[in-house]
Amino acid sequence: MKKNIQGAGNIFVFCLLAAVVLFLCAGVSYAAEGVLTDDTYADAKHPKTQNATKAEIKVNYSAGQTGYLKFDLSTLPSGLTSDAVEKATLILYVTDIKNAGIVEVRRIGPSGGWDEWSLTFDTAGFIAPIVDLVSTTAIDTWHKGRFIGIDVTSLVKAWVNGTVNNGLALVPTTGSGINVTFDSKEDKGRSHEARLEIGLIGIEGSTGATGTTGPTGEIGPTGATGAVGATGAVGATGAAGAVGATGAKGATGSTGLTGATGPTGSGLGVIGGNSGGNTLSDTATEYGTFFGSTNPGTTQSDYYQVLPVAGTAGRLFVYLSGAPGASGGSNDTYTFTVMNGITTTTLLCAVTNPAQSCSETVATASFAAGERISIRIVPGSSPANTPTATWSIQYQ
């Protein structure tokens, strides 16, 4: 009886250890989410008004309205480093949009601290100073009633590494004409408040302490050694038998049920890039990429991006940090053309002084899977000013 109990205990310990190993090896990444604690906006036309109870966050260039968000990251694992942050996405719900344009996500610098009840237009500059640019995103009228995702991985990595987390600001890009409204946590009807989703890479934990050694089992008795039998003679190889007749074909089984058709994906996306904070050339034709922030250059092959799926590009939008020419320089231009390999497409637009932006919403360009996309930038009349540039297209 004692021997059976002891054996059962050893089997239980082995199974428990196996379950722990399977649990620890089950995956290499997981997701976390920051907790939204404050969301509001400042209004230049009502400088002393706080908007903490409003059901929306307004971002409007002409009205001087800027959004403010703060997330609590105490939900992240203790001792986390930025290397474990794989991706961080700010998700916003567009409740209304009257004018399309570009919204900047910027870091709020350290201060005495702010919350949605203390922030107004008059106090924002002191308690919530807006500093570094994190990313930009173009928002169009078709985004109304949809969620949009904005990459803020660099900002979350900085917070994890020790940069003071004083929140982030949604700033209307100068001259973009943007007028958009996002949902807030005070909207109890929709409940589509801002979310900060953080993808984490699993990090191997420290080795646990070695468990105690189990008791040694009883040694069983040694069995008697059997006698070695004599080796028999090798028999002659028999003749090969005749090949048997082929058996009758069995009945074909019934066809299994067809699985349900999965939902059709939207297939809609926005891709874009910028000059990486570098100014454009006033004489040379340059190229840029649609995936990231890169200094434009004259060698097109350095900026190719291979498209993994076939699709159609359209709705080209371009924004410059300043007009391309001085006052009166009406012929100063920058022309932006979407390229398919070395072939120009009809998807293009030109920013002509004194404008700072252009768009093409009618023409499209088709791409097959594996074809290469880039953007060509051609200066006209040697522009007097050489601004930085941001561009984006819709790809579906």
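The values are calculated or read from the model by the stated rules, or taken from the named source; none is laboratory data. Since we're looking at a predicted model, the values are computed, not measured. Don't worry about glycine lacking a Cβ; one is built from the backbone with ideal geometry, like all the others, and counts go over all protein chains shown. Just so you know, the surface numbers come from the protein's heavy atoms only, side chains and all, with ligands and any DNA or RNA stripped out. Shrake-Rupley method; radii C 1.70, N 1.55, O 1.52, S 1.80 Å.
The residue pairs whose first member lies in segment 121-141 and is surrounded by fewer than 20 Cβ atoms within 10 Å (Cβ to Cβ), whose second member is aromatic (Phe, Trp, Tyr), and whose beta carbons are closer than 6 Å, counting only pairs six or more residues apart or on different chains, are Ile127/Trp114. Only one of the numbered conditions (1) open to solvent by 30 Å² or more (accessible area, probe 1.4 Å); (2) over 30 Å from Ser78 (Cβ atoms) is not met by Ala209, and that is (2).
Within segment 170-189, the only residue that satisfies the criterion of being surrounded by 22 or more Cβ atoms within 10 Å (Cβ to Cβ), aliphatic (A, V, I, L, M) and farther than 12 Å from Lys98 by Cα is Leu170. Ser321 - would you say it is closer than 15 Å to Ser275 by Cα, buried (at least 18 other Cβ atoms within 10 Å of the Cβ) and out of contact with any Lys or Arg (no Cβ under 7 Å at 6 or more places or on another chain)? So Ser321 fits the description; yes.
Of everything in segment 180-212 that is β-branched (Val, Ile, Thr) and at pLDDT below 85, the residue that is nearest to Ala158 (Cα to Cα) is Ile203. Restricting attention to segment 146-162 and to residues that are open to solvent by 40 Å² or more (accessible area, probe 1.4 Å), out of contact with any helix residue (DSSP H, G or I) (no Cβ under 6 Å at 6 or more places or on another chain) and at pLDDT 95 or above, the residue that is farthest from Arg190 (Cα to Cα) turns out to be Ser154. Pairs linking a residue in segment 92-106 that is closer than 12 Å to Trp142 by Cα to a residue that is open to solvent by less than 30 Å² (accessible area, probe 1.4 Å) and in a strand (DSSP E or B), with Cβ atoms under 6 Å and 6 or more positions apart or on different chains, are Thr95/Thr181; Thr95/Asp183; Asp96/Thr181; Ile97/Val180. Of all residues in segment 371-387, those satisfying the criterion of being within 24 Å of the chain's Cα centre (by Cα) and either part of a strand (DSSP E or B) or modelled with pLDDT under 95 (or both) are Arg372, Ile373, Ser374, Ile375. The C-beta contact set for segment 213-226 (first residue aromatic (Phe, Trp, Tyr), second residue outside any loop (DSSP other than H, G, I, E, B) and at pLDDT 85 or above, distance under 7 angstrom, 6+ apart or interchain) is empty.
If you go through segment 35-62 and keep only what is of a type in the set (A, V, I, L, M, F, W, C), assigned to a loop (DSSP other than H, G, I, E, B) and within 26 Å of Ser191 (Cα to Cα), you end up with Ala52, Ala55.
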